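Enquirer: One structure coming up, written as structure tokens, with questions to follow.
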Amino acid sequence: MTTDSDDSLGERFAAGDEASLNETYRRWGPLVYTLATRKLGDTEEAKDVTQQVFVGAWDSRKTFDPARASLKTWILGIAHKKIVDALRRRSRHLRDVEAVIAVSGGPDASPPLAESLLEYVTLMREMETLPEQQQQVLKMAFYEDLSQSQISERTGLPLGTVKTYTRRGLMRLKKRLEVDGAAHR
């Protein structure tokens, strides 16, 4: 097996040579995975991010210019962005869960971990009972950190409908937390 120089590999990658994607992953996949694991602290999430990096790189290979940067540098730039995106999604998700819990009228002091976990599981189960489009809108807002107008553009739903689905879904989740909170007191 002959291995290309980094420059030759970069040129083949930019030209759309599918074999170059395998070689690129072989060379720098472990590095991307290690960086993602260190930053995210979660091996499964790091695997997902590593896959997103190489899929994203391949999908946007036409934007790669071997004259401006090496393929390794370009891949690591994409990795940095994907890791930051994952951290933002995680942060947004935690803020959203905390906001729903706060809206539910819980005590000012932090609840014990078991209660928080129970509320989280309850929210996730309740989310699964929402109508499909409401679920989709809330998941896009929570997990993909999209604004309501971005959700509207992506789904083709009118902005007013997206706002209604968001409000109704959050109110239903709030009500469920209130009911469960009363049952556990």
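The values are calculated or read from the model by the stated rules, or taken from the named source; none is laboratory data. Predicted, not measured: the structure shown is a model, and the values here were computed from it. We place every Cβ from the backbone using ideal geometry, glycine too, and count neighbours over all the protein chains shown. All accessible areas refer to the heavy atoms of the entire protein, side chains included, with ligands and DNA or RNA removed. Shrake-Rupley method; radii C 1.70, N 1.55, O 1.52, S 1.80 Å.
Enquirer: Would you mind telling me which numbered condition in (1) modelled with pLDDT of 85 or more; (2) touching a helix residue (DSSP H, G or I) at 6+ places or on another chain (Cβ under 6 Å) Leu146 fails?
Expert: It fails just one condition, (1).
Enquirer: Based on what the data block shows, is Arg12 at pLDDT 90 or above, open to solvent by less than 90 Å² (accessible area, probe 1.4 Å) and more than 26 Å from the chain's Cα centre (by Cα)? Reasoning before the result, please.
Expert: Working: at pLDDT 90 or above: yes; open to solvent by less than 90 Å² (accessible area, probe 1.4 Å): yes; more than 26 Å from the chain's Cα centre (by Cα): yes.
So Arg12 fits the description; yes.
Enquirer: Is region 133-142 home to any residue that is open to solvent by 20 Å² or more (accessible area, probe 1.4 Å) and either in contact (Cβ under 8 Å) with a residue 60 or more places away in the chain or of a type in the set (Val, Ile, Thr) (or both)?
Expert: The answer is no; no qualifying residue exists.
Enquirer: Could you please let me know if Ser91 is loosely packed, with under 13 Cβ neighbours inside 10 Å, within 24 Å of Glu144 (Cβ to Cβ) and polar (S, T, N, Q)? Please lay out each step first, then the result.
Expert: Numbers: loosely packed, with under 13 Cβ neighbours inside 10 Å: yes; within 24 Å of Glu144 (Cβ to Cβ): yes; polar (S, T, N, Q): yes.
Against the criterion (loosely packed, with under 13 Cβ neighbours inside 10 Å, within 24 Å of Glu144 (Cβ to Cβ) and polar (S, T, N, Q)), Ser91 qualifies.
Enquirer: While we're on this one: List the residue pairs whose Cβ atoms are under 7 Å apart, where the first residue sits in region 35-64 and is within 15 Å of Gly16 (Cβ to Cβ), the second is open to solvent by 70 Å² or more (accessible area, probe 1.4 Å), and the two are 6 or more positions apart or on different chains.
Expert: From region 35-64, the pairs are Phe54/Tyr25.
Enquirer: With respect to the numbered conditions (1) open to solvent by less than 80 Å² (accessible area, probe 1.4 Å); (2) modelled with pLDDT under 90; (3) at negative phi, which one is the sole condition not fulfilled by Ser60?
Expert: The failed condition is (2).
Enquirer: If a residue has to be open to solvent by 30 Å² or more (accessible area, probe 1.4 Å) and closer than 21 Å to Arg172 by Cα to count, how many in region 145-157 make the cut?
Expert: 3
Enquirer: Of Asp48, Asp17, which residue is under 15 Å from the mean Cα position of the chain (by Cα) and surrounded by 13 or more Cβ atoms within 10 Å (Cβ to Cβ)?
Expert: Values: Asp17 fails: under 15 Å from the mean Cα position of the chain (by Cα).
It is Asp48.
Enquirer: Which pairs have Cβ atoms under 8 Å, sit 6 or more apart or on different chains, and link a residue in region 19-32 that is more than 17 Å from Arg61 (Cα to Cα) and in contact (Cβ under 8 Å) with a residue 40 or more places away in the chain to one that is of a type outside the set (A, V, I, L, M) and open to solvent by less than 20 Å² (accessible area, probe 1.4 Å)?
Expert: Val32/Thr50; Val32/Phe54
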